[in-house]
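Heads up, the thing below is written out as structure tokens.
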Amino acid sequence: MTVSIIRWAAILLLSGLLAGCGDEDAQTDSDAASTDNHVDAASQEMSDDPCDAVATVTGNGGGETDIFLASGDGNAHLVCVLLAEGADVNIRGGDGATILYTASEYGHNNVVSLLLDAGADVNFQDAYGWTALHVASMFGHETVIEALLAAGAEFNSRDENDRTALHRASLNGHLDAVELLLAAGAEIDIQADDGTTPLHDAASNGQADIVAALLAAGADVALASNDGRTALNFAMGEAVKQLLQDAGAVE
């Protein structure tokens, strides 16, 4: 069904796409009156609650593309409109990723919180076994990680390569994310399908501060990957090698 002009005018107003378009003085009284008549509810002032001023608009439930784009853009108001119209909070894209995953990837905590409140499944896995926590940890979005953990995210969930959120945060050098995951109870010496641990990953990418944090939390320097290599064998950079040797690692 073709989406009505009225619906899209309301959505555009809520998303802010019409704000500031054109010269304010150039708008005619008739233009303003027409807009007010058609999207009266949508034009009220927004509060801090993204759903507080959601208009009742006509439509067909909101398309998959609409809500994925809104979530990726961090547009909580538009997400509210589409959910109110009947969009599925757990809808999956072509690779199995959900809108919660998309919002988490881009660090949009306002949308993440909204989706969790609306019943989004925090532990949905995409086609590669990744959860929202995996992707938030990979990019170091600490506030999102906190929200996901508070909502019951499984911190030891494994992707298709048996890697966890702690592996992803460690490899990419996100110290705050690593500390949040460890504080939540993430298994520090968990091994991926190739036998590597978060310590291996941090060492292989030269992440000295992450290596130091993992060692301080009790990471085992002697654990070997499936091919017999320890974190010291993977280590990049003299600082990382020294940290591992000081912790008892030997060649």
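Looking at segment 172-191, is at least one residue assigned to a loop (DSSP other than H, G, I, E, B), β-branched (Val, Ile, Thr) and buried (at least 18 other Cβ atoms within 10 Å of the Cβ)? So far as segment 172-191 goes, yes, one or more of its residues are assigned to a loop (DSSP other than H, G, I, E, B), β-branched (Val, Ile, Thr) and buried (at least 18 other Cβ atoms within 10 Å of the Cβ). Listed by first and then second residue, the pairs with beta-carbon distance under 6 Å, at least 6 apart or on different chains, first residue in segment 87-100 and at positive phi, second surrounded by fewer than 19 Cβ atoms within 10 Å (Cβ to Cβ), are Gly96/Ala127.
Looking only at residues of segment 153-171 that are assigned to a loop (DSSP other than H, G, I, E, B) and polar (S, T, N, Q), we find that the one that is nearest to Glu187 (Cα to Cα) is Asn156. Quick check on my filter: what residues within segment 221-240 are among the hydrophobic types (A, V, I, L, M, F, W, C) and assigned to a loop (DSSP other than H, G, I, E, B)? Of everything in segment 221-240, those that are among the hydrophobic types (A, V, I, L, M, F, W, C) and assigned to a loop (DSSP other than H, G, I, E, B) turn out to be Val221, Ala222, Leu223, Ala224, Ala235, Met236. Residues in segment 131-152 that are surrounded by fewer than 24 Cβ atoms within 10 Å (Cβ to Cβ) and either part of a loop (DSSP other than H, G, I, E, B) or among the acidic types (Asp, Glu) (or both): 5 in all.
Taken over segment 92-110, the criterion of being touching a strand residue (DSSP E or B) at 6+ places or on another chain (Cβ under 7 Å) and either more than 24 Å from Thr143 (Cβ to Cβ) or in a helix (DSSP H, G or I) (or both) is satisfied by Arg92 alone.
Does Leu243 fit the bill of being in contact with a Leu (Cβ under 8 Å, 6 or more places away or on another chain), over 20 Å from Ile145 (Cβ atoms) and either at pLDDT below 95 or assigned to a helix (DSSP H, G or I) (or both)? Yes; evaluated as a whole, the condition is true for this residue. Selection over segment 193-251 of residues that are without any contact (Cβ under 8 Å) to a residue 12 or more places away in the chain and under 17 Å from Leu182 (Cα atoms) gives a count of 1. Taking segment 197-220 as the search range and keeping residues that are surrounded by fewer than 21 Cβ atoms within 10 Å (Cβ to Cβ) and outside any helix (DSSP H, G or I), which one is farthest from the chain's Cα centre (by Cα)? So, considering only residues that are surrounded by fewer than 21 Cβ atoms within 10 Å (Cβ to Cβ) and outside any helix (DSSP H, G or I), the one farthest from the chain's Cα centre (by Cα) is Asp220.
Going residue by residue through segment 110-127, is there one that turns out to be at pLDDT 95 or above, crowded, with 23+ Cβ neighbours inside 10 Å, in contact with an Asp or Glu (Cβ under 7 Å, 6 or more places away or on another chain) and not aromatic (Phe, Trp, Tyr)? Among the residues of segment 110-127, not one is at pLDDT 95 or above, crowded, with 23+ Cβ neighbours inside 10 Å, in contact with an Asp or Glu (Cβ under 7 Å, 6 or more places away or on another chain) and not aromatic (Phe, Trp, Tyr), which makes the answer no. Here Ala151 meets each of (1) closer than 22 Å to Asp201 by Cα; (2) in contact with a Leu (Cβ under 7 Å, 6 or more places away or on another chain) with one exception, condition (1).
The values are calculated or read from the model by the stated rules, or taken from the named source; none is laboratory data. This is a predicted model, so every value here is computed, not measured. Backbone-built Cβ (ideal geometry, glycine too); neighbour counts: all protein chains shown.
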